[in-house]
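Report on one structure; see the data block that follows.
The values are calculated or read from the model by the stated rules, or taken from the named source; none is laboratory data. Everything quoted here is computed from the prediction, not taken from an experiment. All Cβ positions, glycine included, derive from the backbone under ideal geometry; neighbour counts span all protein chains shown.
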Amino acid sequence: MMEWTYSKAKGLILLAGLLVLLMAPLSSAQDDAGISTQDEDQVITWGQEVRYTVKEGDTLWSIAQRFYESPAQWPELWENNPELTRNPHWIKPGRVIILHKTQGELVIPKEEPEPVKLAALPEVEETRQVFRYPNALGIGFVRREKLEPEARIFRVVGKKTLISQGDKIYCEATGKDLYTEGDLFTIYRDEGELKNPFDGRKKLLGTQYRVVGTAYCETARPGLIVAIVQESYQPIRLGDMLTSFQEVPEEFLVRQGDKGVEGHIVASESRSSIIGQGDLVFLDRGKRQGLAVGEVYTVYEQLEGLEEGTLLPPLNYGQLIVLWTEDNTSTALITETSDIINPGAKFHYRLLG
């Protein structure tokens, strides 16, 4: 399981410190390197590597998430370690891999050489972990209150069953607002009510809304909007609805989860009985319970001990990050799992670093 134990800044500071230790005993380094004393510039070539010992559960994805800008940079780790197997994500615990390589040259002038002075190292400000989710505009959600549409698709040019990017759509405007050319809309679908059977009361969690695309107004008149589909995240259908476009950032800071928060994964966006890495899921906790976008929580199982009424330490087997919050629900992305996750799985606070 991935652990954000070190920040990127700590890695840079470690590298700078090693570099100072490497270059400080300059005279002995010159002797060992056998530098010529003839009347010409002397060149010392130096190099340094920062290494990491693989731990149980590590993958190149999780290591890149921990030390680099993004987990998508895992190919850089593979390039630094070409001796890895054909499957770069299968790495044994105990293997030492290279995270960073640094090298350079130090030139000593031939005339009136002066003691080499190392330039002051720039101060490195500690940076916080940033998570990027490219499909942010397509994040679905569960909301207790009904989302009233501004328009509904009733026809598409070409008489298609499934609508996609570039298609011209005709929409019945259900509100009194007047729209103009260029107005942006989010296209969504009502997937029906979602109940929470895991809180002991089976109460209604809310209505699930699936975001399927975006469109812009080409022309409009009272009761009618003619629009062009700008993006389609999933197949768009007749009957899908439009609401005013809302910008959603693709990048956000990773945050420490709230210690007091515990809850359930009620369902995945697809309502599948099996949930895995990369799936969007709906949680039965939201802003009112302390959840915020970017917070990381652990998926766990609570096992009973041998004696009645005793519990074993929680068995952590997955991780999620919150992407969207409503008052009493949230949408999260499963970022890691070592086992199958089922609806009803519990999540709780996880310590970062």
Practice item. Identify, by number, the condition in (1) closer than 21 Å to L137 by Cα; (2) at pLDDT below 90; (3) of a type in the set (D, E, K, R) that R210 doesn't meet. Key: (2)
Exercise for review: Of the numbered conditions (1) at positive phi; (2) buried (at least 16 other Cβ atoms within 10 Å of the Cβ); (3) part of a loop (DSSP other than H, G, I, E, B), G206 fails exactly one; give the number of that condition.
Suggested key: (3)
Check your understanding: Hey, among I334, I265, I340, I275, which residue is within 18 Å of F198 (Cβ to Cβ) and surrounded by fewer than 18 Cβ atoms within 10 Å (Cβ to Cβ)?
Key -> I340
Practice item. Inspect segment 310-325 for any residue being surrounded by 19 or more Cβ atoms within 10 Å (Cβ to Cβ) and over 13 Å from the mean Cα position of the chain (by Cα) and give the result as yes or no. Key: yes
Review point. Within segment 51-71, restricting attention to residues that are touching a strand residue (DSSP E or B) at 6+ places or on another chain (Cβ under 9 Å) and surrounded by fewer than 16 Cβ atoms within 10 Å (Cβ to Cβ), which residue is modelled with the lowest pLDDT?
Key: E69
Check your understanding: If a residue has to be part of a loop (DSSP other than H, G, I, E, B), more than 12 Å from L320 (Cβ to Cβ), touching a strand residue (DSSP E or B) at 6+ places or on another chain (Cβ under 6 Å) and without any contact (Cβ under 8 Å) to a residue 60 or more places away in the chain to count, how many in segment 277-291 make the cut?
Key -> 1
Check your understanding: Within the set of pairs 6 or more residues apart or between chains, which connect a residue that is acidic (D, E) inside segment 244-269 to a residue that is in a strand (DSSP E or B) with Cβ atoms less than 6 Å apart?
Key -> E250/R132; E251/V130; E251/R132; E262/H348; E269/L280
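Here's the yes/no breakdown for (1) modelled with pLDDT of 90 or more; (2) farther than 19 Å from G260 by Cβ:
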site	(1), (2)
I275	yes, yes
L283	yes, no
E295	yes, no
Q302	no, no
L315	yes, yes
G318	yes, yes
Check your understanding: Taking segment 292-312, which residues are part of a strand (DSSP E or B), within 22 Å of Q129 (Cα to Cα) and not aliphatic (A, V, I, L, M)?
Key -> E295, Y297, T298
